[in-house]
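Peer 1: Handing you a structure now.
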Amino acid sequence: MRRVSVFGATGSIGESTFDLLQRRSDVTTVALSGGRNVARLAEQARALGAELAVTAFDDCYADLKSALSGSGIEAAAGTAAVIEAAERPADWVMSAIVGAAGLAPGLRALERGATLALANKESLVTAGPLVMATARAHGGTILPVDSEHSAVFQALVGEDIAAVERVIITASGGPFRDWPASRMARATLEEAMNHPSWSMGQRITIDSASLFNKALELIETREFFGIDPARIEVLVHPQSLIHALVGFSDGALMAHIGPADMRHAIGYALNWPARGPVPVERLDLARIGQLSFEAPDPKRFPALRLAREVMDTGGHAGAAFNAAKEVALDHFIARQIGFADMAALVAATLEHLAAGPDLAAPVKSLDTVQAMDHMARQTARALIASGGIR
Ligand code: NAD
Ligand code: MG
């Protein structure tokens, strides 16, 4: 029996993971974590027979406890309890909390030598060198669960990384792929949440409309595979069926094709190193008929340029980039800033922080990453308050 834990179990990736776990008889569930949706968290914990369910929010503890009454499942609450849950001996841990909050529990699981199925791309964006070094030092394994990175990982099986000439990650282009810049600047929350090909959590859906998601994924690719940023390309592919391509020194391109269903990447990580059945749609390519490609427009999608600057700067720039992006997204969701203001705010925050010594300083520990995260959030909020982004 393999012991598994799922962090962010009630989210979009969490639900897809739950769906796959429910179909298996060879796993036992140690811990599940969630946020405010404690009724669903308790339901999942009962269905999987988990030992422990944890809500990230202290004020949700009483509701979780009562939802679990009579089940014998332990309840816990708070940020520290989520991190402690990662110390429980699970062999396979899904990291699917959204945002920078996913970093600490994932690190804790790697310190135990666990296999970390990593959907939380923010872990690699904010603290890539630390996450990779933690896995190496403790014999932990990281399996990428972002669809593009799972695709690259699969294309590299049996290959020599030295023979990789380039990696191409695809982007659907989001709902604003062919909108003029003037219309994009006025885009509403509802328009940004209307993703053409993927069904995902609210935050990543909006990040897909701005291509901030692809910007995070450029950095994620660099950190996980150790590839020179100049060799990583973004290709717009509206059908979202090819998830990534790897180009080798002989000119061959290996593409990964599959339906836009995250159970594919999650199932790969669950079955790894073998392949096993995964209940996703089988593609009928003759019916699909055509796949199309285009270059991303750097003018309308400044997030991609910002990611390249972040990779050039290195150090804590990824933590600052992600934190400023999270603040920008919070304010866009609250309808306090416009769609195009998000990239302007991130750019202004990075510019402000570049004047200090910490941005480019190498990542040493979780503390230095969290300090930069905090500083970038304060800077971004101050810029909004002072009207400094317009
Ligand atoms: P989601 O918003 O649907 O779910 C997030 C989960 O995290 C929920 O369980 C929520 O309760 C929990 N959570 C939220 N804030 C928290 C906090 N402060 N502390 C602890 N837990 C908290 O998000 P999602 O779309 O499932 O995405 C999860 C992660 O996976 C993100 O990093 C995202 O970028 C990545 N990812 C998602 C998809 C997708 O298809 N949804 C694809 C690739 C990568
Ligand atoms: Mg992705």
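The values are calculated or read from the model by the stated rules, or taken from the named source; none is laboratory data. Here the structure is a predicted model, which means the values were calculated and not measured. All Cβ positions, glycine included, derive from the backbone under ideal geometry; neighbour counts span all protein chains shown.
Peer 1: Cβ contacts < 6 Å: first residue within 16 Å of VAL27 (Cβ to Cβ), restricted to the stretch 39-66; second residue of a type in the set (Phe, Trp, Tyr) and buried (at least 19 other Cβ atoms within 10 Å of the Cβ), any location; separation 6+ or different chain. Result?
Peer 2: Qualifying pairs under 6 Å: GLN44/PHE18.
Peer 1: Let me ask something else. Taking the stretch 77-96, which residues are away from ligand 1 (no atom under 11 Å from the Cβ) and within 19 Å of LEU270 (Cβ to Cβ)?
Peer 2: Answer for the stretch 77-96, where residues must be away from ligand 1 (no atom under 11 Å from the Cβ) and within 19 Å of LEU270 (Cβ to Cβ): ALA86, ARG88, PRO89, ALA90, ASP91, TRP92, VAL93.
Peer 1: Being buried (at least 21 other Cβ atoms within 10 Å of the Cβ) and within 28 Å of MET184 (Cβ to Cβ) narrows it down to one residue among MET342, MET372; which is it? Don't jump to the end; show me each part of the working.
Peer 2: Working: MET372 fails: within 28 Å of MET184 (Cβ to Cβ).
One residue alone meets the criteria, MET342.
Peer 1: On to the next question. Do any residues in the stretch 192-216 that are in the same structural domain as VAL236 (by TED's automatic domain parsing) have Cβ atoms under 6 Å from those of residues that are within 10 Å of ligand 1 (Cβ to nearest atom) and not in a helix (DSSP H, G or I), where the two are at least six apart or on different chains, and which pairs are they?
Peer 2: SER197/ALA260; TRP198/ALA260; GLY201/GLY11; GLY201/VAL98; ARG203/VAL98; THR205/HIS195; SER208/HIS195; LEU216/LYS121
Peer 1: Mind counting the residues in the stretch 103-143 that are of a type in the set (Asp, Glu) and within 13 Å of ligand 1 (Cβ to nearest atom)?
Peer 2: The first filter runs over the stretch 103-143 and keeps only residues of a type in the set (Asp, Glu), leaving 111, 122.
Next cut, within 13 Å of ligand 1 (Cβ to nearest atom) only: 122.
Of the residues in that region, 1 qualify.
Peer 1: Any residue in the stretch 325-337 that's not assigned by TED's automatic domain parsing to the domain that holds ASP207: show its pairings with residues that are among the basic types (Lys, Arg) at Cβ separation under 7 Å, as long as the two are six or more apart or on different chains.
Peer 2: Here the result reads VAL327/ARG377; VAL327/ARG381; LEU329/ARG203, each pair linking the stretch 325-337 to a residue that is among the basic types (Lys, Arg).
Peer 1: Another one. Here is a check on your reading of the model: is ALA127 under 20 Å from the mean Cα position of the chain (by Cα), without any contact (Cβ under 8 Å) to a residue 24 or more places away in the chain and in the same structural domain as GLY14 (by TED's automatic domain parsing)? Lay out the reasoning, then the answer.
Peer 2: Working: under 20 Å from the mean Cα position of the chain (by Cα): yes; without any contact (Cβ under 8 Å) to a residue 24 or more places away in the chain: no; in the same structural domain as GLY14 (by TED's automatic domain parsing): yes.
No; evaluated as a whole, the condition is false for this residue.
Peer 1: From the list ALA380, ALA355, which residue is among the aliphatic types (A, V, I, L, M) and crowded, with 18+ Cβ neighbours inside 10 Å?
Peer 2: Details: ALA355 fails: crowded, with 18+ Cβ neighbours inside 10 Å.
It is ALA380.
Peer 1: In the stretch 104-153, which residue that is outside any helix (DSSP H, G or I) and charged (D, E, K, R) is surrounded by the fewest Cβ atoms within 10 Å (Cβ to Cβ)?
Peer 2: Here the answer is ARG112.
Peer 1: Just the residues that are of a type in the set (Lys, Arg) and within 17 Å of the chain's Cα centre (by Cα), please, taken from the stretch 308-341. First the steps, then the outcome.
Peer 2: First, pick out the residues of the stretch 308-341 that are of a type in the set (Lys, Arg): 308, 325, 335.
Matches in the stretch 308-341: LYS325 only.
Peer 1: If a residue has to be within 21 Å of ALA317 (Cβ to Cβ) and not acidic (Asp, Glu) to count, how many in the stretch 99-136 make the cut? Steps first, answer last, please.
Peer 2: Taking the stretch 99-136 and keeping what is within 21 Å of ALA317 (Cβ to Cβ), we get 99-104, 106-107, 118, 120-134.
Cutting the leftovers down to not acidic (Asp, Glu) gives us 99-104, 106-107, 118, 120-121, 123-134.
Count: 23.
Peer 1: Then there is this: Identify the single condition in (1) surrounded by fewer than 16 Cβ atoms within 10 Å (Cβ to Cβ); (2) over 21 Å from the mean Cα position of the chain (by Cα) that ARG305 does not satisfy, given that it satisfies every other one.
Peer 2: With respect to (1) surrounded by fewer than 16 Cβ atoms within 10 Å (Cβ to Cβ); (2) over 21 Å from the mean Cα position of the chain (by Cα), ARG305 is out only on (2).
Peer 1: Could you figure out which of (1) within 15 Å of the chain's Cα centre (by Cα); (2) within 14 Å of ALA303 (Cβ to Cβ); (3) surrounded by fewer than 24 Cβ atoms within 10 Å (Cβ to Cβ) isn't true of ALA181?
Peer 2: (1)
Peer 1: Inside the stretch 29-82, can you point out the residues that are over 22 Å from GLY201 (Cβ atoms) and either part of a strand (DSSP E or B) or touching a Cys at 6+ places or on another chain (Cβ under 6 Å) (or both)?
Peer 2: VAL30, LEU52, GLU74, ALA75, ALA76, listed by residue number.
Peer 1: Same structure again: Taking the stretch 79-103 as the search range and keeping residues that are within 21 Å of ALA371 (Cβ to Cβ) and without any contact (Cβ under 8 Å) to a residue 60 or more places away in the chain, which one is surrounded by the most Cβ atoms within 10 Å (Cβ to Cβ)? Quick ask: steps written out before the conclusion?
Peer 2: Within the stretch 79-103, the first condition is being within 21 Å of ALA371 (Cβ to Cβ), and the residues that meet it are 79-80, 82-83, 97, 99-103.
Now narrow it down to the ones that are without any contact (Cβ under 8 Å) to a residue 60 or more places away in the chain: 79-80, 83, 101.
On the way: THR79: 14, ALA80: 12, ILE83: 20, ALA101: 18.
Filtering the stretch 79-103 for residues that are within 21 Å of ALA371 (Cβ to Cβ) and without any contact (Cβ under 8 Å) to a residue 60 or more places away in the chain, the one surrounded by the most Cβ atoms within 10 Å (Cβ to Cβ) comes out as ILE83.
Peer 1: Right, here's the next one. Taking the criterion of being in a strand (DSSP E or B), under 27 Å from VAL131 (Cβ atoms) and either touching an Asp or Glu at 6+ places or on another chain (Cβ under 9 Å) or more than 16 Å from ligand 1 (Cβ to nearest atom) (or both), would at least one residue in the stretch 222-229 satisfy it? It would help to see each step written out before you state the result.
Peer 2: Residues of the stretch 222-229 in a strand (DSSP E or B): none.
Within the stretch 222-229, none of the residues are in a strand (DSSP E or B), under 27 Å from VAL131 (Cβ atoms) and either touching an Asp or Glu at 6+ places or on another chain (Cβ under 9 Å) or more than 16 Å from ligand 1 (Cβ to nearest atom) (or both).
Peer 1: Pick from the stretch 154-178 the residues that are under 26 Å from LEU103 (Cα atoms) and of a type in the set (S, T, N, Q): which of them is surrounded by the fewest Cβ atoms within 10 Å (Cβ to Cβ)?
Peer 2: Result: GLN154.
Peer 1: Counting only residues that are more than 12 Å from ligand 2 (Cβ to nearest atom), hydrophobic (A, V, I, L, M, F, W, C) and either buried (at least 24 other Cβ atoms within 10 Å of the Cβ) or within 15 Å of the chain's Cα centre (by Cα) (or both), how many does the stretch 193-223 have?
Peer 2: Total satisfying the criteria: 3.
Peer 1: Taking the stretch 1-28, which residues are among the β-branched types (Val, Ile, Thr) and part of a helix (DSSP H, G or I)? Show your work before the answer.
Peer 2: So the first thing to find is which residues in the stretch 1-28 are among the β-branched types (Val, Ile, Thr), and the list is 4, 6, 10, 13, 17, 27-28.
Matches in the stretch 1-28: ILE13, THR17.
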